[in-house]
Every structure is written in structure tokens, then in C-alpha cells.
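Comments concern the structure below.
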């Protein structure tokens with residue numbers, strides 16, 4: 001059973017010896033740049049956001065019909081990094097990863113009433129036996145129904161925290177702004193189960209801390225506001241927003257007491273002073289990237305999800321649910337950080353942290369190409385850059401053209417092996433994408449500089 | 001932008017200091033054991049396979065209605081390990097990971113004719129504007145249509161190899177055998193694009209080698225046979241099967257020339273002698289876990305997917321497609337390896353490699369619990385066991401009961417901290433699950449033994 005094939009291990013060993021074969025080369029990368037037909041990006045100019053334009057132009061995503069997107073290899077890498085980051089923080093808060101089916105039985109949504117209340121955004125499917133399903137936009141019904149089958153669920157099993165990262169569906173009437181408002185999207189959804197309200201609130205606070213950590217690590221300025229419970233329900237909720245001029249939501253932030261709220265929750269949103277402290281209210285637009293809800297028994301009651309308490313009696317579980325729009329974070333971060341001319345990625349989710357550009361074929365420096373591999377190997381031996389370097393080996397293109405493209409794609413650091421590499425002490429240009437700062441470094445200086453990042 | 005919050009880093013640092021908090025403890029694991037209602041596993045006894053029974057009984061998966069399953073935390077871990085293994089081998093063969101939408105426009109499936117030919121197994125969906133979609137069982141149409149938009153696709157971009165791992169859908173008339181034949185499943189699908197047939201065949205051979213590597217590393221005996229191209233089409237195909245008494249397919253294997261074929265391809269499958277060499281034919285039943293197809297231009301022709309060749313002319317791309325049923329591999333491996341009483345996992349995808357069981361509360365050895373943490377930390381420092389240890393800390397249960405459960409769940413190694421740990425030179429029981437072999441080891445001997453695994 002454990003007859004691991006050593007020939008394969010050897011094969012892999014050899015390939016690791018020639019390490020630079022392992023680093024991604026742009027000549028081999030599928031990155032369909034700038035080749036969009038006008039139909040594909042949406043017909044009305046005003047519906048196109050900066051992020052959509054840049055992400056499509058740079059071959060990070062491809063539009064696939066109205067409100068749907070395919071993730072190209074660079075986009076897939078960003079999603080994988082986002083997923084890893086979220087997984088780390090979910091683990092720290094004791095949440096366990098699982099995977100529920102995309103399809104949820106319609107009868108569960110009828111039991112909670114959401115079959116009707118969700119409206120046309122809910123995608124309904126029938127199987128060959130005419131049974132109703134929902135192409136799930138969220139999984140409260142599914143997870144509660146599953147848990148309600150665990151007949152001997154006891155207070156000892158609580159608190160319980162289960163989450164998944166999977167595709168969700170919403171039949172938007174007017175999909176727009178690319179990934180920011182589309183029909184199919186990647187979402188992290190966490191569901192928590194507690195014995196009583198006090199414990200559920202403690203869970204809510206812990207998860208909120210994890211959310212703060214996630215958004216702080218992403219490094220995009222974010223606003224947390226009291227939110228509307230809407231069709232999800234429950235007693236209160238908070239939203240996490242990335243600021244954006246084209247944001248769907250208007251957020252009111254009191255400069256006095258710091259209370260922040262989605263304008264949907266306020267009866268008179270034109271009020272310029274805070275109703276509790278009288279402070280001045282600032283208004284800003286944002287895109288919701290996360291939402292946390294204290295649910296109470298809104299779902300455990302109709303779906304009868306109970307546990308046995310210390311006295312042997314059964315009580316309904318107290319719930320919370322917590323979403324992060326994974327593909328939306330990708331787009332909203334680009335929307336918040338980028339200029340019109342180029343993407344800027346949050347450091348922790350940049351598709352590659354370093355792009356190394358070698359000399360042009362036929363130039364005087366063409367014989368310096370070996371530096372590219374040497375730099376790749378030595379920088380790649382720094383842990384935080386391991387597997388995070390891409391080489392632009394398209395040596396029929398000028399260095400200038402490749403630097404432009406690397407800047408637009410948003411690699412945080414661009415290293416150029418050019419003329420200066422032929423000096424007695426070879427030096428290399430390091431371009432910091434955010435600041436546009438260019439520095440000339442020897443190999444040792446370069447490694448020292450990057451080790452500090 | 002890079003204002004990584006150091007408070008978080010510190011918090012994580014502290015948690016890593018107390019490393020054993022980080023290892024999973026069964027008291028905190030959501031593993032709903034043995035609590036299935038009869039309805040949920042299917043009403044007819046003959047439709048329940050060994051794998052389905054064991055996977056549900058051990059809380060690895062949960063049935064969610066007819067032909068659908070949720071993956072519990074242990075199941076999710078197995079899927080993640082399978083995904084990593086496949087990702088590694090795909091990378092070695094130069095395939096790039098991407099993600100296509102689950103929904104594919106119906107008009108593409110109409111263009112290739114599969115809207116009709118797929119029959120009732122195809123799940124069709126309409127959006128609010130009455131537009132047709134397919135809940136994709138496979139993505140030939142989607143990927144070819146996407147590529148056909150890349151107007152300046154050139155011979156320099158070929159060969160191109162794109163894959164994804166995502167949920168697929170098939171509206172089975174009679175879902176059965178759990179994950180082996182269900183409505184929603186996880187599949188890895190790779191699509192390859194080449195300039196001409198010779199190059200496409202070379203790609204086919206390279207991918208076949210990757211498939212051999214994947215199945216060899218999994219270590220479950222597998223049979224590779226010539227397959228039926230069916231509704232996917234193309235000029236030839238090969239299937240990878242795991243043997244199973246309840247297998248859907250009958251495989252004919254010639255003991256003479258070694259030619260193996262799915263009986264679907266043979267006009268007279270009762271023939272006991274090979275038509276080419278006269279050798280004796282053995283028959284075996286199997287479950288298909290992988291399928292590779294040389295497609296030619298079956299999809300690039302109707303969807304007009306062409307590239308510019310060296311002479312500046314446009315030619316249709318030559319395709320291949322290659323599937324691995326990821327969730328099916330999980331179930332079929334359990335089906336092939338397990339006994340009626342307990343799961344046996346392929347070593348590389350076992351949810352945890354080691355389960356450590358501590359003394360019972362109130363027993364003479366109760367004071368030896370610190371050994372559990374010490375063993376966990378030291379074994380965890382061996383690279384191949386890092387993050388792959390689970391502690392059964394349910395100390396109100398006897399050691400015997402916990403060993404039984406650990407055996408059934410299929411952890412390859414079970415370590416018991418019991419009476420012998422109180423001797424002058426403390427010793428620990430190591431149970432090898434496959435062989436049922438029990439050895440007594442000192443701490444040093446235990447580490448030496450496991451380092452060799």
C-alpha cells in the first residue's frame with residue numbers, strides 16, 4: 001500500500017536540483033493580455049470599474065458571459081493565497097473546514113421561508129425527478145439541517161465552528177463592475193453554534209477579531225460598520241467595506257464617537273450630526289467584502305437544530321454566520337489600491353512578489369542571462385520569496401516593454417538584469433512598484449534588501 | 001500598504017510556542033460518527049457500498065439527500081491532500097491551474113450538439129432573463145470558447161495545458177454507492193491544446209505519465225484500459241480503474257499481450273481468448289477514477305478555436321482532455337483497500353498519519369499525559385509528520401475504545417501512552433493499522449522508526 005514509487009521521487013529530485021526550471025517563466029504563462037472584445041466587458045462604459053478593466057486587460061480574469069468570470073493562472077494564484085490566509089485565521093479561531101454540496105434541497109429553503117423572500121436572485125434548479133433545488137447563495141439551511149441530524153449533539157460539542165470556501169450563486173438583475181457584482185463568486189462562509197446567547201456573543205467577538213486580522217494582513221484600508229441583517233436575519237450584524245468611489249453602499253462614520261453604520265440602517269441619512277454624540281458625520285462609499293451576523297435561533301428553530309444541555313434537556317443552538325467574498329476581496333483590493341494605469345496588489349496576495357527581467361536577445365548584455373537564473377535561485381532561497389518569483393524570459397521584447405507590463409500586472413518588485421550587470425561589480429535595478437522607486441544594488445545588497453521584506 | 005499588524009504576528013508566535021495547542025484534538029473535531037438515519041444512506045441495502053458505509057459511519061462524509069454528500073473536516077483534509085498531490089504532478093507536466101465558472105452558457109453546448117446528446121444527466125438552468133445554462137459536468141465547451149477569443153493565439157503559445165479542480169454535476173437517474181456514483185462531485189479536468197496531431201499525441205503521452213505517477217503515488221492497485229470515447233468523443237481514450245466487486249465497468253485483461261480494454265468496446269465480451277495474441281483473457285470489475293481522451297478537433301472545429309502557425313496561417317488547435325474524479329478516488333480507494341470493519345487509507349492521503357492516545361482519566365497512568373504532548377511535538381518535528389498528528393484526548397473513554405475507533409477511522413499509525421510509559425525507560429505501543437502489528441518502543445526508538453517512514 002505504501003509502495004511509493006522511487007523512480008518518481010528521483011525524477012522530482014532531479015528537477016529540484018535544476019531549480020530555476022521550477023520558477024515560472026512568462027513565456028509559458030497563459031496570460032491573455034488586452035485582447036478583450038468590447039461585448040465581453042459589458043456594453044455600457046459606466047458599468048466598467050477600474051478593477052474590471054485592469055484585471056481583464058492584464059489577463060488575471062476573463063469575462064465569460066453576463067456577470068461570470070474565469071480565473072486565469074495568475075488570478076487562480078491570488079485566490080489560492082487568499083484561501084491560505086483565510087484558512088490560517090480560521091484555524092486560529094478553532095474553525096474546521098468542510099465542504100457542503102452546491103445544491104441545497106428546495107424544501108429546506110421553503111421551511112425557513114427564504115424560498116420566497118430571496119426573490120429572483122435565487123437560482124432554482126429541478127432534477128429529472130422534478131425535485132426542487134437551490135444553487136446555493138449561502139448555506140444556513142444546509143448546515144443547520146445537517147447538524148440537526150446529529151441526534152446526540154451535546155453541550156460538550158459546543159462551541160462548534162464550521163466553514164467552507166466554495167462557489168456561490170446570485171442571479172443579479174444587472175451584473176456590473178466585474179467581480180464586484182457578478183452571478184457566480186467564491187465565498188468563505190463560516191457557521192457557528194453555541195449553547196446560549198452569551199456564548200454566541202463571545203464567539204462573535206472572537207470571529208470579529210479574526211476578521212480584523214484578515215483585513216489588517218491584507219493591508220487595504222477597511223471600514224467596519226453596523227450592518228443591515230436583511231434576508232439573512234438575526235439580531236445584529238457588522239459589515240467590512242473597502243472604500244471605492246463606485247461603491248454600492250453609503251457608509252456613515254461619526255468623527256465624534258466613532259460609531260459607523262450603513263446608511264440603509266438610518267432613517268434619515270441626510271443628518272450631518274450623530275444622533276448619540278452630536279459629532280460630525282462623514283460619508284463614504286464602499287464595497288462590502290465581509291459580513292458577520294449574530295443569528296440567534298432564526299435557522300435552528302424552523303429546522304429544529306438542538307443539543308442536549310448539562311441537565312439532559314434539549315435546547316436550540318444559538319448561531320452566527322460570517323461571510324467573506326473571496327473573489328470580491330481580490331477585485332475590491334485592486335479597485336481600492338490601483339491607479340488607472342496599473343494594478344497594485346496587497347503584498348500578501350500578489351500573484352508573484354518578484355518579476356525578474358533579463359537582457360534582450362542580441363543586445364550587448366545578452367550573455368548575462370545566467371544572472372537571471374542565479375538571482376532567481378538565490379532570492380528564491382529567502383523563505384518569503386520561495387516559489388514567488390516569475391521570470392520574464394521573453395527576450396525578443398525590450399526591457400522597457402517588459403518593465404511596463406510587469407508594472408501594470410502589479411508585481412511588487414521588478415528586478416532588471418541590464419547594462420549595469422556587466423560592470424566589474426555587477427549591479428541590478430530594483431523597481432519598487434508602489435513607490436516607483438528605482439535602486440541599483442549589487443547581488444549582496446539586493447539579497448539584504450529583500451531579506452528585510 | 002504593507003502595514004502587516006505585528007500584534008497578530010505576536011499572537012501567532014505565542015500560539016506556535018505552545019505547539020501542542022496546534023495539533024488537532026479529537027475532543028474538538030467535528031466527526032459525526034455512526035448517527036445516520038436509515039433514510040439518509042439509501043433505502044436499499046444492495047445500493048450501499050463498503051466505502052459509503054465506512055465513510056458515513058466514521059464521520060468522513062455525510063449524505064445530503066439523494067446522491068449528494070457533504071465532506072466533514074476529516075474528509076475535507078483528504079480532499080486537500082489529494083488536491084495537493086494532483087497539483088504537484090500537474091505542475092511537473094507544465095499544466096497551469098485556473099478556474100472556470102460552474103455555469104456554462106447553453107448556446108455553447110448547443111453548438112457542439114451535447115445539449116441534446118448528453119440526455120437527462122445534464123442539469124439545465126435558466127436565469128431570470130430566460131437564458132439557458134448548463135450546470136457543467138465537464139468544460140470542453142467552456143474552455144475552448146474562452147480560448148477561441150484569444151485572437152492572436154500563436155504557435156508560440158502551444159502546447160498549452162490548463163486545468164482546474166471544481167465541483168461537477170450529473171443528474172444520475174439512480175445515484176448509488178455513495179460518492180462512487182453521485183450527483184455532485186469534485187473533478188480535476190485538464191484541457192490540452194497543440195499545433196498538430198503528433199504534438200497532441202506527445203502531450204497525451206506526457207499526461208499519461210503524470211497519471212501513472214499520480215496513481216502510483218496513491219498506491220492503490222489500478223488497471224489502465226482502452227476506453228470508450230462515449231459522449232466526450234475523440235479518436236481514442238484510456239481509463240484508469242480501481243478494482244471493486246461492485247464496479248460499474250467490466251475490464252478485459254489479456255494475460256498474453258497485456259492489452260486491456262473496457263468490455264464496452266468489445267463486440268463479443270464473452271470471448272475468453274485475446275483476438276490479437278490468443279492469450280487468456282481475465283475479467284475484472286472496476287470503478288473508473290481517471291479518463292484521458294485524445295480529442296482532435298471535435299470541439300475546436302464547431303467552436304472555431306484556431307491559432308496562427310509559423311507561416312501566418314490559422315489552423316484549428318488539436319485537443320486532449322483528462323479527468324480525475326477527485327471525490328471518487330477518495331471513495332474508490334477506501335472501497336479497494338478497506339475491510340468491512342475499518343477504513344484503510346492510501347498513506348499519502350490519510351487524514352492524519354498518526355493518532356496518539358493518552359491515558360484514561362482517573363487511571364494509575366493519568367499523570368503521564370504530558371508524554372502525549374511531548375511525543376506530539378517531537379514526532380511533529382519529523383517533516384513527513386508535521387501537522388499530520390491527531391490526539392485522541394477524550395480521556396473519559398478507555399484506551400481500548402479509542403484504539404478501536406482510531407483503527408476504524410484508518411489512521412495508519414496509532415500510538416498509545418499507557419502503563420508501559422511509567423516504566424524506568426518509558427515505552428509506548430505503536431500499532432500499525434494495515435498489519436495490525438503492535439510494537440513497544442522507547443521514545444528514541446519510536447522517532448527512529450517513524451523517521452524511516
Handout entry: Exercise: per-residue mean of other protein chain Cβ atoms within 10 Å, A:118-126
Key = 3
Problem - By average C-beta atoms within 10 angstrom, highest first, the peptides B:139-146, A:284-291, A:383-390 - result: B:139-146, A:284-291, A:383-390
Exercise for the section: Using only the alpha-carbon atoms of the range A:296-447, report the extent along each of the three principal axes, biggest first, to the nearest angstrom. Expected result: 82, 34, 25
Exercise for the section: Report the calculated FRET efficiency for residue B:88 and residue A:235 (r = Cβ-Cβ distance, R0 = 56 Å), to the nearest 0.05. Expected result: 0.75
Problem - Over chain A - Rg/Rh using Cα atoms and the Kirkwood inverse-distance radius - result: 1.03
Fill in the blank from the handout: Output field shielding_mean for A:320-330 (other chain Cβ, 10 Å radius) holds 0
Handout entry: Surface/4 estimate of mean projected area, convex hull on alpha-carbon atoms of the range B:110-185, nm²
Key = 7.2
Practice task
Report Rg (one decimal) and Dmax (nearest whole number) for the protein assembly as shown, counting Cα atoms only, units Å.
Solution key: 28.3, 95
Exercise for the section: Take the alpha carbon atoms of the range B:361-447, find their radius of gyration, then divide it by 2.2 N^0.38 Å using N residues; give the quotient. Expected result: 1.04
Practice task
Please give the calculated 222 nm ellipticity per residue for chain A, where each DSSP H segment of at least 4 residues contributes -39500 (n - 2.57) and the sum is spread over every residue; nearest 500 deg cm²/dmol?
Solution key: -8500 deg cm²/dmol
Problem - Length-normalised contact order of the range A:352-451 in % [C-alpha pairs under 8 Å, at least 6 apart] - result: 31
Problem - Surface/4 estimate of mean projected area, convex hull on alpha-carbon atoms of the range B:77-335, nm² - result: 15.2
Fill in the blank from the handout: Here the tail fraction of P(r) beyond 15 Å, over all Cα-Cα pairs of the range A:151-243, rounds in percent to 73
Problem - Cβ-based exposure ranking for B:117, A:272, B:297, in which fewest neighbours within 10 Å come first - result: A:272, B:117, B:297
Fill in the blank from the handout: Long-range alpha-carbon pairs in the range A:37-188, meaning those over 19 Å apart, account in percent for 64
Completion exercise
Expected integer from the mean partner chain Cβ neighbour count at 10 Å over A:65-77 is 5
Handout entry: Calculated log₁₀ intensity ratio I(q)/I(0) where the Debye formula runs over C-alpha points of the range A:352-392, q = 0.19, 0.20, 0.32, 0.33 Å⁻¹
Key = -0.53, -0.58, -1.05, -1.09
Problem - Relative contact order %, chain B, counting alpha carbon pairs below 8 Å whose residues are six or more apart - result: 15
Practice task
Let me know the shape class of the range A:60-146, please: from the alpha-carbon gyration tensor, a ≥ b ≥ c as square roots of the eigenvalues, rounded when a/c is under 1.5, otherwise prolate if a/b is greater than b/c, or oblate.
Solution key: oblate
Problem - Calculated FRET value between residue B:378 and residue A:367, using beta carbons and R₀ = 56 Å, to 0.05 - result: 0.65
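Read-outs: derived from the displayed coordinates by stated rules, not from any lab. Nothing here was measured: the structure is a model prediction, and the numbers come from that model. Positions of Cβ are generated from backbone atoms using ideal geometry, with glycine treated the same way; all protein chains shown enter the neighbour counts.
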